[in-house]
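Working notes, structure below.
The values are calculated or read from the model by the stated rules, or taken from the named source; none is laboratory data. All figures in this text were calculated on a predicted structure; none of them were measured in a lab. Quick reminder, even Gly has a Cβ in these numbers, built from the backbone with ideal geometry, and neighbours come from all protein chains shown.
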Amino acid sequence: MLTVNSYAAASATDPLVATTIERRDVGPKDVLIEIAYSGICHSDIHTVRGEWGDIQYPLTVGHEIVGVVTEIGSEVTLHTVGARVGVGCMVNSCRECVNCLAGEEQYCLKGNTGTYGSVDRDGTITQGGYSTHIVVVEDFVLSVPESIPYEAAAPLLCAGITTYSPLAHWNAGPGTQVAVVGMGGLGHMAVKIAHAMGAEVTVLSQSLSKQEDGLRFGADHYYATSDAATFTSLANSFDLIINTVSAKIDLHQYLSMLALNGTMVNVGAPPEPLPLQVFTLFNNRRSFAGSGIGSIRETQEMLDFCAEHNIAPEVEIVSADGINAAYERVLASDVRYRFVIDAATFR
């Protein structure tokens, strides 16, 4: 076993503190990664605060991980020592169910093994990327293109793929009208990616405070949802709406903005249920869907796409002892647009 430094939550109400965790020995198919940066995702906060269900404490979170391979198992063929790599929201799956065999292991019917808070193959609870090192089976390790700065690459492993996957699946591109709800960590990536795909992009944000940023990132239009006229003027307008917010919204208002055969996809995950008026779907044959991260194949495709189109998230680097303050700023929407932890400060 390898003992490494980390930051962990001891309970749902305590701040994260410096500690150590155990990593398994490198097996034949495993890769040991020295972590360079780890992104802070709103999911980390929901999880450690018990908002998505009970968890086993202490827990080290973090599923936006980039670093360097420092050791490989005897049977590893996909990665080499010294390679720039990343790890996203999952570190394994059953590999046997119909979804896994179809290359959609994020939807493993037995439940994929999350990077943190899941039961690992050895019966232990997985611990995430707020640490100096991690051991992951080679098939769930991504190659990070040289052209993407390390600190910017980290949020792509969650925020990037979470928005890329539905945009690709629902065919965002030239001639399509795409709306992005929310201009936070996920939303700003959705704008950049949808623009690069060739779609006409509209941001629907609570206020116009980030309008200049949204237009700079590639949005063609920007509206405030606090203005009731927005929903009237944009009724029946969009082929695809990506909802990135993790808070309760009036689904009827947003679904009414879909054009014929349009789809609204939730990628934000509010802790409370969202009421749905089914008759809103009957009009224009609308669809309401959800999308969770992406497969390993699709995540690599996203990284390569971002490298090709020079897409990177806007990041603010923090040290390990700034994690708790960063959490409070995330909750206050006081970040533009993603916090990334310098893993050297865990040492």
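The set of residues from the stretch 157-173 being in contact with a strand residue (DSSP E or B) (Cβ under 9 Å, 6 or more places away or on another chain) and more than 14 Å from GLY292 (Cα to Cα) comprises ASN171, ALA172.
So that you can scan it fast, the table gives a plain yes or no per residue for (1) at pLDDT below 95; (2) of a type in the set (Ser, Thr, Tyr); (3) outside any helix (DSSP H, G or I):
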residue: THR230; (1), (2), (3): no, yes, no
residue: ASP239; (1), (2), (3): no, no, yes
residue: VAL245; (1), (2), (3): yes, no, yes
residue: THR263; (1), (2), (3): no, yes, yes
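Would you confirm, using the coordinates I've provided, whether ARG338 is closer than 22 Å to HIS46 by Cβ and in contact with a helix residue (DSSP H, G or I) (Cβ under 8 Å, 6 or more places away or on another chain)? In short, yes.
Name the residue that is nearest to THR3 (Cα to Cα), counting only residues in the stretch 14-46 that are without any contact (Cβ under 8 Å) to a residue 60 or more places away in the chain and hydroxyl-bearing (Ser, Thr, Tyr). The residue in question is THR20.
Condition check ((1) part of a helix (DSSP H, G or I); (2) free of Cβ contacts under 8 Å to residues at least 24 places away in the same chain; (3) surrounded by fewer than 23 Cβ atoms within 10 Å (Cβ to Cβ)) across all residues:
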residue	(1), (2), (3)
ASP122	no, no, yes
GLY129	no, no, no
ILE134	no, no, no
SER147	no, no, yes
ALA154	yes, no, no
THR163	yes, no, no
LEU167	yes, no, no
VAL180	no, no, no
HIS188	yes, no, no
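Among the residues of the stretch 90-120, those identified as assigned to a loop (DSSP other than H, G, I, E, B), of a type in the set (Gly, Ala, Ser) and touching a Ser or Thr at 6+ places or on another chain (Cβ under 7 Å) are SER93, GLY103, GLY117, SER118. For the stretch 74-92, the count of residues that are within 15 Å of the chain's Cα centre (by Cα) and either among the acidic types (Asp, Glu) or surrounded by fewer than 17 Cβ atoms within 10 Å (Cβ to Cβ) (or both) is zero. Residues in the stretch 284-318 that are within 30 Å of SER256 (Cβ to Cβ), crowded, with 19+ Cβ neighbours inside 10 Å and in contact with a Gly (Cβ under 9 Å, 6 or more places away or on another chain): ARG286, ILE293, GLY294.
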